[in-house]
Amino acid sequence: MKDRKPPKSNPIRDSKNRIKLGVFATNGNGAAFTFHPDRFHCTWDANVRLAQKAEALGLEGFVSAAHWKSFGGDDHYSGDLMETFTWAGAVAAVTERIGIISTVHVTLNHPVFVAKAEATVDLISNGRAGMNLVLGWYPPDMQLFGYEVKEHSDRFELADEWMYIFDRLWSGRKSFDYNGTNYTLKDAFSQPHGVQARPVLLNAGRSPRGREFAAKHCDIAFLSAHNPEPQALKKQVEEYRHEARTKFGREIQIWMSAYVVLKDTVKEAQDYAYDYIVTQGDDAPVQNIIRNNAIDTKSMPPEAAAKLAYALKAGFAGYPLVGDADHIAGLFASLSDAGVDGFLLTWLDYEGGLDRFGREVLPRLEKAGLRSTAEKSLTGLQS
Ligand SMILES: Cc1cc2nc3c(=O)[nH]c(=O)nc-3n(C[C@H](O)[C@H](O)[C@H](O)COP(=O)(O)O)c2cc1C
């Protein structure tokens with residue numbers, strides 16, 4: 001496996017763009033819960049078109065989501081998610097520059113398997129592989145494998161062990177024994193080796209323990225906005241960076257997920273969003289998510305639960321980028337001023353949505369100095 005040299009740069013980690021962008025969740029039926037006819041239907045052919053389009057536009061990342069059971073019962077569309085390493089290997093083969101992220105349930109996927117699977121994607125993509133590490137919160141995902149969702153602190157104890165093992169398997173050139181609380185390994189070793197010194201790692205910890213995990217181990221932390229006002233966000237972003245710097249001496253990027261509804265006018269975009277989210281929204285799976293305590297929802301007052309249901313239906317609780325192109329470009333600028341480095345984008349209609357975003361929003365971001373042109377955006381992997 002010596003025919004590939006380590007790349008000098010990674011499309012996500014080393015991007016010079018002030019705002020970095022990725023497309024999220026096309027390995028399944030997108031991020032919205034709705035019966036609207038424009039809803040994305042996942043097919044492999046659509047993934048090829050979207051990955052190649054995103055790359056042609058200079059976007060940094062193509063990012064999968066991972067769940068094992070649907071949120072709405074057997075055969076509900078939210079369960080149709082392609083497995084994320086298989087998907088990543090295939091995306092790698094039909095693209096050349098974009099970063100490819102497999103979302104991985106740390107609690108369900110053994111680090112020995114993951115080290116080999118991720119190295120395989122890294123070899124196929126020549127150093128464009130990365131992982132979004134999720135710990136698992138949805139009981140049916142865990143029960144499918146015969147587990148219960150672990151207590152929060154136990155989850156993170158396991159994740160720390162997992163990370164230690166993964167890192168040694170990835171970069172080690174000598175086998176090792178490991179005896180921990182969650183794993184026991186004899187003569188652990190992983191081959192083939194990937195081409196990167198370490199894949200790009202993403203994490204969406206929200207709790208103090210989750211934030212600490214991201215700050216300690218990951219390159220990118222996802223922020224869930226407690227308060228969408230840029231000034232409040234700025235404080236949250238600074239706290240995150242401060243923690244990474246002072247506790248671990250590390251610099252991390254702060255990203256958010258966001259759903260895009262781009263129309264000719266702000267009013268038209270708002271009306272369209274209301275229609276797909278409220279009038280034609282798919283409420284049952286979202287109530288199931290809320291019942292299953294996705295994000296500390298058990299003690300939520302009803303108004304807050306209603307807000308969360310709206311946000312989940314809109315685009316899995318991403319930040320709302322709803323408006324015309326000027327309005328959306330303005331939102332990007334203020335979020336960038338607040339310190340946000342990147343966004344994972346979702347649309348109701350990914351194919352039409354990404355095309356229009358490329359035509360109308362990207363040129364505005366380039367003009368504002370927030371991104372370079374498509375040709376310059378992806379740093380390119382020089383061997
Ligand atoms: C952008 C983003 C993507 C996520 N993707 C997934 C996913 O694909 N699968 C999953 O089980 N959880 C996913 N999560 C949930 C998180 O992994 C995590 O459970 C949550 O942020 C709670 O963190 P905490 O344990 O620190 O409270 C995602 C969260 C965010 C913000």
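The values are calculated or read from the model by the stated rules, or taken from the named source; none is laboratory data. If you're wondering where the values come from, they're calculated on a predicted model, not measured in any experiment. Virtual Cβ from ideal backbone geometry, glycine too; neighbours counted across all protein chains shown. These area figures cover heavy atoms from the full protein model, side chains too; ligands, DNA and RNA do not enter into them. Shrake-Rupley method; radii C 1.70, N 1.55, O 1.52, S 1.80 Å.
Some observations on this one:
- The solvent-accessible area of GLU238, taken with every protein chain present and a 1.4 Å probe, is close to 100 Å².
- Hull volume per residue, based on the alpha-carbon atoms of segment 239-321 and their convex hull, is 133 Å³.
- Shape category assigned to segment 325-383 from the gyration tensor of Cα positions, a/c cut at 1.5: oblate
- Shape of segment 235-383, Cα gyration tensor, a/c cut at 1.5: oblate
- When the residues HIS242, HIS193, HIS105, HIS110 are ordered by accessible surface, computed with a 1.4 Å probe over the protein chains alone, the sequence from largest down reads HIS242, HIS110, HIS193, HIS105.
- Once the Kirkwood radius over Cα pairs is known for segment 102-258, the Stokes-Einstein relation at 25 °C and 0.890 mPa s delivers a diffusion coefficient of 148 µm²/s.
- With both residues required to sit in the chain, DSSP beta bridges show an antiparallel share near 10%.
- LEU321, LEU144, ranked by accessible area, largest first (probe 1.4 Å): LEU144, LEU321
- Ordered by 1.4 Å accessible area with all protein chains kept, ARG206, ARG128, ARG241 run largest first as ARG206, ARG241, ARG128.
- Base-10 log of normalised Debye intensity for segment 1-136 (one unit scatterer per alpha-carbon) at q = 0.09, 0.10, 0.11, 0.18 Å⁻¹: -0.27, -0.33, -0.40, -1.04
- Simple point charges give the picture: +1 on the Cβ of Lys and Arg, -1 on the Cβ of Asp and Glu, and for segment 156-211 a dipole about the Cα centre of about 220 debye.
- The alpha carbon convex hull volume per residue for segment 186-309 rounds to 222 Å³.
- Solvent-accessible surface (1.4 angstrom probe) belonging to ASP45, in square angstrom, nearest 10: 100 Å²
- The chain: calculated mean residue ellipticity at 222 nm from DSSP helix runs of at least 4, using -39500 (n - 2.57): -13000 deg cm²/dmol
- Surface composition of the chain: carbon plus sulfur atoms hold 51% of the accessible area, using a 1.4 angstrom probe and ignoring ligands, DNA and RNA.
- In this structure, the amide hydrogen of TYR319, modeled 1.01 Å from its nitrogen in the peptide plane, lies closer than 5 angstrom to those of SER257, ALA258, TYR259, counting only residues at least 5 positions away or on a different chain.
- Calculated accessible area for the chain comes out at 43 Å² per residue, all protein chains present (probe 1.4 Å; ligands, DNA, RNA ignored).
- Computed over all pairs of different Cα atoms, the Kirkwood value for the hydrodynamic radius of the chain is 21.2 Å.
- Spatially close lysines, pair count over segment 33-185: Cα under 30 Å, gap of eight or more or interchain: 6
- Ranked by how many other beta carbons lie within 10 Å on average, peptides 254-264, 361-371 from highest: 254-264, 361-371
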